[in-house]
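Trainee: So that we are looking at the same thing, I have put the structure below in structure tokens.
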Amino acid sequence: MTDLHSTVPDETAYSDLLDELISDKVASQIAARVPTLWGPEAESESGKRLAWVGLGAESRPLVAEIEQLRKELAAKGLDHVVLCGMGGSSLAPEVIAVWAQQPLTVVDSSDPDYVRSAVGDRLERSIVVVSSKSGGTVETDSQKRVYEEAFRAAGRDPADHLVIVTDPGSPLDESATAAGYRVFHADPEVGGRYSALTAFGLVPSGLAGADIGALLDEAEEIRPSLENDDATNPGLRLGALLGLANRAGVDKVVLAENGGRPCGFGDWAEQLIAESTGKDGKGILPVVVPGITAPNFSPNTADEILVTIGDSADHVVPVSGFGASVTAPLGAAMLLWEYAVAIAGRVIGIDPFDQPDVESAKKAARGLLDGGGSTPSPDFADGTIEVYGTPGLLDGATTVAEAITVLLGHLDPDHGYLALMTYLDRARHAHLSHLRDHLALRTGRPTTFGWGPRFLHSTGQYHKGGAPTGVFLQITGTPAEDLPIPGRGFTFGEFITAQAIGDGTVLAGHGRPVLRLHLTDQKAGLQVLREALK
């Protein structure tokens, strides 16, 4: 059952906007895949990005194919499913698998310690799903190369273990087919962040044991209500709320799971919202929190919408007056949010289907790896932490604690946000996500947490294309042991460092303050960092 409750400070304005969207037949036109809804400049992109509306039915043939492959692989003793993918290729299947309580190892990192640990885990029983829409994602290609080399070193044929998901005709499609790998084609008219119900979401999670047939049933069940030009349409109502709030300067949405079993839904919705809306100096910044009790929903500022995923939380009142609770089965929730974000994009006045700033950080990283840029020198060192700042940021600072204080001093007290970006092993250092809560309390401002480099395929678009109100704290570290990438002229350690430096350089070019703390010894450096944050 799908249920949506909303609160707004101005019911008349909300009702008027809903009436406008209904009069313009926005919901039914999205369902009919009309590309003109977001203006003439967006028409070219939206014209080839609307196939997601019918995936509940159109992806149905995949179910039997995936289930049959799972049985065949299990009969060969292959039951440990690994996913190599980034952004839209990994976030949805991870959520689906967690929701279904089925194990799925997600390799969405360039951290050498993280990748090495994954490759060394039950290799002989591993099914490795390699997912890349373009076929040219460097992180995913690098992970694939390491797994192929590991299988060969173990005397195994990679073709017996690798399953490929990509768009038809991509470079990965061509090379994988030539190598004899099993290939699943995704719909090329569905963008990565809208691909949850395509092969990208279904193949890894289905092989892991999730009931993907039920997931599609849930999407199909809600689809008629999402296509109706009617005030009861939950996608229309949520999209109108997000858009109306944004027009009023409430440009951040807190996403909190509340009730039911947690599945990390906010991590998937984060990319959908940030990458779809964060451009042209506009957009909605998602702030993912684990719950809504203090300190999680703190500081509860006037520029935040509160949306709970699950049961309503009447005792928490957002200062802004904008709030909602959304309760729905997972497949229905995914389609509902896709509609809502597309509708919010129309209200805000942006193209929800492009991502003009995502490539800039990738180009900067590649430039460093190709020798086209210089590696910066630290402003200073504090014990086992090297400290780097954008030009002029750290004048007078001599300790990590002082550097953090200086950075936080650049936060706009009314509109600013802090982004904490951690380029470390997200399995070994999962506890670091709690730094978000601490810094939110300290700053009194919306604070996000992202694992690098995966956030580059998610909130990275908003950081550079959205409202210019962010300050950025990067944490990088020297790995316990580096890991070569077969056939490439750089290692994973060099790659992830270049990604952090590249993104920081692009942010600095947009006038954003960036502080990078590099832990030359991760254990000792983290202790220094904890003391500094106190």
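Trainee: Run down Ala240, Ala214, Ala231, Ala178 and say which single residue is at pLDDT 95 or above and crowded, with 20+ Cβ neighbours inside 10 Å. Outline the logic, then answer.
Mentor: Values: Ala214 fails: crowded, with 20+ Cβ neighbours inside 10 Å; Ala231 fails: crowded, with 20+ Cβ neighbours inside 10 Å; Ala178 fails: crowded, with 20+ Cβ neighbours inside 10 Å.
Exactly one residue qualifies, and that residue is Ala240.
Trainee: How many of the residues making up region 212-250 are more than 23 Å from the chain's Cα centre (by Cα) and in a loop (DSSP other than H, G, I, E, B)?
Mentor: Summing the residues that are more than 23 Å from the chain's Cα centre (by Cα) and in a loop (DSSP other than H, G, I, E, B) in region 212-250 gives 8.
Trainee: If only one of Asp121, Asp187, Asp160, Asp167 is more than 30 Å from Gln461 (Cα to Cα), in contact with a Ser or Thr (Cβ under 8 Å, 6 or more places away or on another chain) and not assigned by TED's automatic domain parsing to the domain that holds Ala333, which one is it? Quick ask: steps written out before the conclusion?
Mentor: On the way: Asp187 fails: more than 30 Å from Gln461 (Cα to Cα); Asp160 fails: in contact with a Ser or Thr (Cβ under 8 Å, 6 or more places away or on another chain); Asp167 fails: more than 30 Å from Gln461 (Cα to Cα).
After applying the criteria, what remains is Asp121.
Trainee: On the phi < 0 side of the Ramachandran plot and surrounded by fewer than 22 Cβ atoms within 10 Å (Cβ to Cβ): does that describe Ala159? So that I can check it myself, show each step before the final result.
Mentor: Values: on the phi < 0 side of the Ramachandran plot: yes; surrounded by fewer than 22 Cβ atoms within 10 Å (Cβ to Cβ): yes.
So Ala159 fits the description; yes.
Trainee: Sticking with this one: Can you name the residue in region 300-316 that is more than 24 Å from Val95 (Cβ to Cβ), of a type outside the set (Ser, Thr, Tyr) and buried (at least 17 other Cβ atoms within 10 Å of the Cβ) and, of all such residues, is modelled with the lowest pLDDT? Talk me through it step by step, then tell me what you get.
Mentor: Filtering region 300-316 for residues more than 24 Å from Val95 (Cβ to Cβ) gives 300-303, 314-315.
Then drop every residue that is not of a type outside the set (Ser, Thr, Tyr), which leaves 300, 302-303, 314-315.
Then keep just the ones that are buried (at least 17 other Cβ atoms within 10 Å of the Cβ); that gives 300, 303.
On the way: Asn300: 87, Asp303: 97.
Within region 300-316, the match that is modelled with the lowest pLDDT is Asn300.
Trainee: Got a sec? Which of Ile496, Ile475 is under 30 Å from Lys279 (Cβ atoms), hydrophobic (A, V, I, L, M, F, W, C) and not in a helix (DSSP H, G or I)? Walk me through how you get there before you give the answer.
Mentor: Details: Ile496 fails: not in a helix (DSSP H, G or I).
Answer to the check: Ile475.
Trainee: All but one of (1) closer than 25 Å to Ala92 by Cα; (2) modelled with pLDDT under 95 hold for Asp503; state the number of the condition that does not hold.
Mentor: (2)
Trainee: Within region 281-298, restricting attention to residues that are assigned to a loop (DSSP other than H, G, I, E, B) and at pLDDT 95 or above, which residue is nearest to the chain's Cα centre (by Cα)? Please lay out each step first, then the result.
Mentor: In the first step, residues of region 281-298 are kept if they are assigned to a loop (DSSP other than H, G, I, E, B); the result is 281-284, 290-298.
If we keep only those that are at pLDDT 95 or above as well, we get 281-284.
Working: Gly281: 20, Lys282: 18, Gly283: 15, Ile284: 14 Å.
By that ranking, first place goes to Ile284.
Trainee: I want to confirm something. Restricting to region 373-393 and keeping residues that are at pLDDT below 85 and within 20 Å of Phe492 (Cβ to Cβ), which single residue is surrounded by the fewest Cβ atoms within 10 Å (Cβ to Cβ)? Spell out the reasoning first.
Mentor: Here is the first cut: in region 373-393, the ones at pLDDT below 85 are 373-375.
From what is left, the residues that are within 20 Å of Phe492 (Cβ to Cβ) are 373, 375.
Working: Gly373: 16, Thr375: 9.
Restricting to residues being at pLDDT below 85 and within 20 Å of Phe492 (Cβ to Cβ), the top hit is Thr375.
Trainee: For region 341-367, enumerate the residues that are under 14 Å from Leu37 (Cα atoms) and not charged (D, E, K, R).
Mentor: Listed by number, the residues that qualify are Val341, Ala342, Ile343, Ala344, Gly345, Val347, Ile348, Gly349, Ile350, Pro352, Phe353.
Trainee: Has region 68-89 got any residue that is among the β-branched types (Val, Ile, Thr), buried (at least 16 other Cβ atoms within 10 Å of the Cβ) and part of a helix (DSSP H, G or I)?
Mentor: Here is the first cut: in region 68-89, the residues among the β-branched types (Val, Ile, Thr) are 81-82.
Among the residues that remain, those that are also buried (at least 16 other Cβ atoms within 10 Å of the Cβ) are: 81-82.
Filter again for part of a helix (DSSP H, G or I), leaving none.
No, that holds for no residue.
Trainee: Out of Ala467, Ala480, Ala508, I need the residue that is in a helix (DSSP H, G or I) and among the small types (Gly, Ala, Ser). Which one? Can you show your working first?
Mentor: Working: Ala467 fails: in a helix (DSSP H, G or I); Ala480 fails: in a helix (DSSP H, G or I).
Just a single option satisfies the conditions, and that option is Ala508.
Trainee: Now, a different point. Output the number of the condition that His434 fails; it satisfies all remaining conditions of (1) over 29 Å from Ala150 (Cβ atoms); (2) touching a residue at least 24 places away in the same chain (Cβ under 8 Å); (3) not aliphatic (A, V, I, L, M).
Mentor: (2)
Trainee: What number of residues within region 447-459 are farther than 18 Å from Tyr114 by Cα and out of contact with any helix residue (DSSP H, G or I) (no Cβ under 6 Å at 6 or more places or on another chain)?
Mentor: Residues in region 447-459 being farther than 18 Å from Tyr114 by Cα and out of contact with any helix residue (DSSP H, G or I) (no Cβ under 6 Å at 6 or more places or on another chain): 1 in total.
Trainee: While we're here: Before we move on, is Gly465 surrounded by 21 or more Cβ atoms within 10 Å (Cβ to Cβ) and either touching a residue at least 24 places away in the same chain (Cβ under 8 Å) or not β-branched (Val, Ile, Thr) (or both)? Outline the logic, then answer.
Mentor: Values: surrounded by 21 or more Cβ atoms within 10 Å (Cβ to Cβ): yes; either touching a residue at least 24 places away in the same chain (Cβ under 8 Å) or not β-branched (Val, Ile, Thr) (or both): yes.
Yes, satisfied.
The values are calculated or read from the model by the stated rules, or taken from the named source; none is laboratory data. These numbers come from a predicted model, not from an experiment. Ideal geometry is used to build each Cβ from the backbone, glycine not excepted, and the neighbour counts take in all protein chains shown.
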